[in-house]
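This report refers to the structure that appears directly beneath it.
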Amino acid sequence: MLFMKSCLPLAVVLLLLQNQTLSSPFVEYFRLPAEPLIRIGLVTNASSVSITTSDSQLVAHSLDEPQRLLGTARVTVSARAYRPPTYDQFIFEIQNVPSANEANEIANDVRLQTGETAQVMVEAGKSTWKVWVGAPKGSPEEADAFKAMLAEKGVEDVTVVTETKTVISSDAVALSQQVRNAGKSEVRSLVKATGGSNVSNSAYIDPNLREVIVNGQSESAKYSSLKSVSFGSFNDRLNPVRLNGKAYRGKLEVFVNSRGSLTVVNVVPLEDYLLGVVPAELSLPQLEAQKAQAVAARTYAVANVGTYGTKGFDMVPTVWSQVYKGVSIENPMGTRAVRETRGIVATYQGKPIMAYFTSTCGGRTENSENIFDHTEPYLRGVECSLEGSRYFDPFTIRTARVPARVRTETNLEMVRLMSILAVNGFSLATNQMSDEWFETEPTVGEISNWLNQIASRSGKSFPNVTKETAKPAELSRILSAMLYPAGTADVLLTDSDVNYQLAFDDVSEVPSANRADIAMLLRDGFFTLRPDMTLQPNRPLTRAEFLRVIRQIFEKRKWMPTLQSGQAKATVDGKLIVRNGRSDRQLIVRPDVFLFRMFGTTMYPVKEAVLIGGETVRFQTDPSGNVIYLEVEPSEAPTSAENMSPFTNWSSTLSALVVQSRLSRYVRGIGTLYDIKVKRVGYSRRPVELEIIGSNGIKTLKGGVIRSALRLREQLFVMNKRYSGSAVASYTFTGRGWGHGVGMCQYGAYGLAKMGVKYDEIIKHYYTGVDLTQAY
């Protein structure tokens, strides 16, 4: 049973609200009179437990009794068969009287001589009589004095008989009646008031009663009780009470259960309970995600009051309810999340929702009826991301530079080359690279700048450039002078060497003065022909052709700029975050960054690129350390909000025999397993109905038990079957996620919070059509 601070039990409040629902289409609000107490079943089958405190002493309390100051900081609590209290009384008898008449005469004489009462009765198991003199006495001293008084008055033949009496306590009677009327309840300690004459009039005592035994060092800490016993610290707030060394806020209530062992329940205010739930369920460092978890956990607790009512508590501290670890797990962020959402619950049509949550949904959550056995309008499958482009906005890097627009693959390669060269001193005299720009000849200014870059790297003086320099004949003379010592080609190449290198169609058009230079440049890979096997020495090169020559020179001389590389983390505020060993390197991206993104195996110039984390990036920085050139190779990882979960992707291969064994625990009569087929999938593409084909026919398996039966991390999977002949030898399940996949995705909440989404929007994203209500 759950009690509330100075208010009705929460279960009663929920019942009133449910009754209100029956008379109206929906309840417009949900309100609790005060913060409720929640009962968490920490231990359910203990022979004994240790309860301690770091405070000066423990305080114990039972129903209808004053608090007990135990005078010790440690007690051991156990259970034993009930031992009702006994006491000795002393009876005075004149025994072995032969007949009733004689006994009556003796009784009359006793009355006359002493003035005491005298009763005649048959002695048990004999044919003789006895006379019971006076009232029983409660101590040996009283008995001796009474016997002496009788002797003084002439009644000497008196035997003192000691009789042990058992006390029938009202608690034993009340507990016996409670057990008799318990129905399905497994509680075997007294949890109801003992007042009322109708209870105490009953003499029935259950022979199987067991009592709670408290044993500590002080005398006040040594006692037994048929009632449940609640333990706390003298100052609970500063010194939480401990169960077997583990600290919990609130009280620890101990009672006997139907197995005769102990159940220990943490009776704790809901908000204090959440302090030990939120960090245990979602420890990821985002406040808004933890606030969403606090609301979900609070709502789940309110909606699940009495789930384990027959066992004497509301919930368990495991995944079967919510993971709860007490004081040890508390942390500042989780505490702040609970405090800042105090009393807020998610409601649908005025009632608290069943706020399921799952670790990692795999990118989509599922409709409740496809996993559990009930349909809830607020537990609809949703994408684990925001709608449209808004979802990627926080992870997007943009450039003010107008991306190139080209039609040919060769010019696409030139876009990347020109961009890399441009951030390394080469002149780029256009706002947008295009096919037309690449297919026209460069200006004198561009040629001068480009050749000066080669001269600088060669340690040569800048050449004199004219419009003629764009022609291969004149360009060969200048390049030869920059790349080789003076006269190298003329001295080191014979006529036969030159003729060997100049074996192309229009060699006759090459001026004799340029033959040796062109031959050496071609031999060393610094020059190239046009696609039609001609040089056309007197026709100017286009920008694309000129840039290809530069690329060949840079590659041969190993002058190509070396790009930095690494694995990106999710972009924050437009910054590039690169994993650097065990730390992260955060880089400012210039507004005019040259930005490329890979599609397939090719890099394309883009206006923006999304970095959600896991992408391979190659980049160059300017002298200030800001990124001026950036290439992004997309990650193969999922892009949904839960993509930071270590459980996003998984695979499990099982032999056909193992699969058959596992399925047979849930589906009877399969026989020999032949095959498994997915018969139906849900909103999220999770298989929600399997067709199991065996030697005994076709069976089906539906709902969330599919994951349980196959013992998989999640139910979002595809199957790959490996055959041996015509029979399936093994099944490989490749899937995403961890958990049942219904309700709020915890890693998804974390991902959304990192994007700046607030807790209320996170709750409303995963729980369709809900309201957030201040319940107290």
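Quick check: convex hull over the Cα atoms of the stretch 307-466, volume per residue in Å³, rounded to an integer?
It is 282 Å³ per residue.
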Worksheet, complete the sentence: The whole-number value in µm²/s of the Stokes-Einstein translational diffusion coefficient for the stretch 355-403, with Rh from the Kirkwood sum over alpha carbon pairs at 25 °C and 0.890 mPa s, is 181 µm²/s
Practice prompt. Quick one: net charge around Ser54, please, counting Lys, Arg +1 and Asp, Glu -1 for every other residue with C-beta under 15 Å from its C-beta.
Written response: +3
Worksheet item: If you line up the long axis of helix 543-556 against the longest principal axis of the chain, both from Cα atoms, how many degrees apart are they, to the nearest 10?
Response: 70 degrees
Practice prompt. Measure off 7 Å from each Cα along the Cα-to-Cβ vector at Ser651 and Val319, then give the distance between these two points in nanometres to one decimal.
Written response: 2.3 nm
Fill in: Mean ellipticity per residue at 222 nm, deg cm²/dmol - from DSSP H runs of n ≥ 4 across the chain, formula -39500 (n - 2.57)
-7500 deg cm²/dmol
Worksheet item: Given q = 0.15, 0.26, 0.27 Å⁻¹, what are the Debye log10 I(q)/I(0) values for the stretch 69-149, with equal point scatterers placed on the Cα positions and solvent ignored?
Response: -0.65, -1.19, -1.22
Item to complete: Note down the Stokes-Einstein diffusion coefficient of the stretch 484-579 in µm²/s, whole number, using a Kirkwood radius over alpha carbon pairs, 25 °C, and 0.890 mPa s.
Response: 151 µm²/s
Fill in: Cα Rg, Dmax, the stretch 61-197, angstrom units
22.9, 66
Practice prompt. Report the relative contact order of the stretch 256-409, percent, no decimals, based on alpha-carbon pairs under 8 angstrom and at least 6 residues apart.
Written response: 21 percent
Worksheet item: Taking Cα atoms, how many degrees apart are the long axis of helix 10-22 and the longest axis of the chain, rounded to 10 and kept between 0 and 90?
Response: 70 degrees
Worksheet item: What nm value, rounded to one decimal, do you get for the distance between Gln567 and Ile205 when each label is placed 7 Å out toward the C-beta?
Response: 7.1 nm
Worksheet item: Looking at the stretch 323-415, which trypsin sites (Lys or Arg not before Pro) are in a loop (DSSP not H, G, I, E or B) and have at most 12 other Cβ atoms within 10 Å?
Response: Arg407
Worksheet entry | Within the accessible area of the chain (1.4 Å probe), percent carbon and sulfur | 49 percent
Worksheet item: Could you state the number of Å between the C-alpha centres of the stretch 357-422 and the stretch 173-190?
Response: 59 Å
Discussion item. Charges at C-beta only: +1 for Lys and Arg, -1 for Asp and Glu. How large is the resulting dipole of the chain about its Cα centre, in Debye rounded to 20?
Written reply: 1120 debye
Worksheet entry | Gain upon complete extension [Ser169, Ser434; 0.36 nm per residue less C-alpha separation] | 85.4 nm
Fill in: q = 0.10, 0.17, 0.20 Å⁻¹, the stretch 602-697: log10 I(q)/I(0) [Debye, one scatterer per Cα]
-0.55, -0.91, -1.07
Worksheet item: Relative contact order (percent) for the stretch 75-184, with alpha-carbon contacts under 8 angstrom and 6 or more residues of separation?
Response: 37 percent
Response to the item:
Largest-first semi-axes in Å of the equivalent ellipsoid built from the Cα gyration tensor of the stretch 503-638 are 42, 15, 13
Worksheet item: To the nearest 10 degrees, how steeply does helix 472-483 sit against the main Cα axis of the chain, on a 0 to 90 scale?
Response: 60 degrees
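If you average 1/r over every pair of different alpha-carbon atoms in the chain and take one over that average, what Kirkwood value in Å do you get?
Computed over Cα pairs of the chain, the Kirkwood hydrodynamic radius comes out at 35.1 Å.
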Discussion item. From the gyration tensor of the Cα coordinates in the stretch 612-760, what semi-axes in whole Å does the equivalent ellipsoid have, largest first, with each one equal to sqrt(5λ)?
Written reply: 41, 19, 10
Worksheet entry | Radius of gyration and maximum dimension Dmax of the stretch 374-452, Cα, Å | 22.1, 77
Worksheet item: If you add up the charges near Thr443, with Lys and Arg at +1 and Asp and Glu at -1, over every other residue whose beta carbon is less than 10 angstrom from its beta carbon, what do you get?
Response: 0
Response to the item:
Note to self: Kirkwood Rh of the stretch 239-397, Cα pairs, one decimal, Å, is 17.5 Å
Worksheet item: Under a plain spin-label model, where a point goes 7 Å from the Cα along Cα-to-Cβ, how far apart in nm are Gln67 and Lys556?
Response: 9.3 nm
Worksheet entry | Separation of alpha-carbon centers, the stretch 557-620 and the stretch 489-503, rounded to whole Å | 46 Å
Worksheet entry | Net charge contributed by nearby residues that have their C-beta within less than 11 Å of Glu413 (K/R +1, D/E -1) | +2
Practice prompt. Divide the volume of the convex hull of the Cα atoms of the stretch 391-503 by its number of residues and quote the answer in cubic angstrom per residue.
Written response: 162 Å³
Worksheet item: Stretched out fully, how many nm does the piece from Glu142 to Ser664 gain, at 0.36 nm a residue minus the Cα gap?
Response: 180.3 nm
Worksheet entry | Candidate lysines - alpha carbon under 26 Å from Lys607, same-chain residues fewer than 8 apart omitted | Lys569, Lys575, Lys754
Practice prompt. Using Cα pairs closer than 8 Å and at least 6 residues apart in sequence, work out the relative contact order for the chain, in percent.
Written response: 14 percent
Item to complete: Could you let me know the centre-to-centre spacing of the stretch 427-471 and the stretch 708-739, using Cα atoms, in angstrom?
Response: 60 Å
Practice prompt. Mind ranking 89-96, 134-141 by how tightly packed they are, going by the mean number of other C-beta atoms within 10 angstrom, highest first?
Written response: 89-96, 134-141
Item to complete: Send over the per residue convex hull volume for the stretch 241-300, Cα only, as a whole number of Å³.
Response: 105 Å³
Response to the item:
Heads up, the stretch 147-285 by the C-alpha gyration tensor (a ≥ b ≥ c square roots of eigenvalues; a/c under 1.5 rounded, else a/b over b/c prolate, else oblate) looks prolate
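Would you mind getting the accessible area per residue of the chain, heavy atoms of the protein chains only, 1.4 Å probe, in Å²?
47 Å²
The values are calculated or read from the model by the stated rules, or taken from the named source; none is laboratory data. Values in this document were obtained by computation on a predicted structure and should not be read as measured data. A quick note on method: Cβ atoms are made from the backbone with ideal geometry, for glycine too, and the neighbour counts reach across all protein chains shown. Heavy atoms of the whole protein, side chains included, go into the accessibility calculation; ligands, DNA and RNA do not. Shrake-Rupley method; radii C 1.70, N 1.55, O 1.52, S 1.80 Å.
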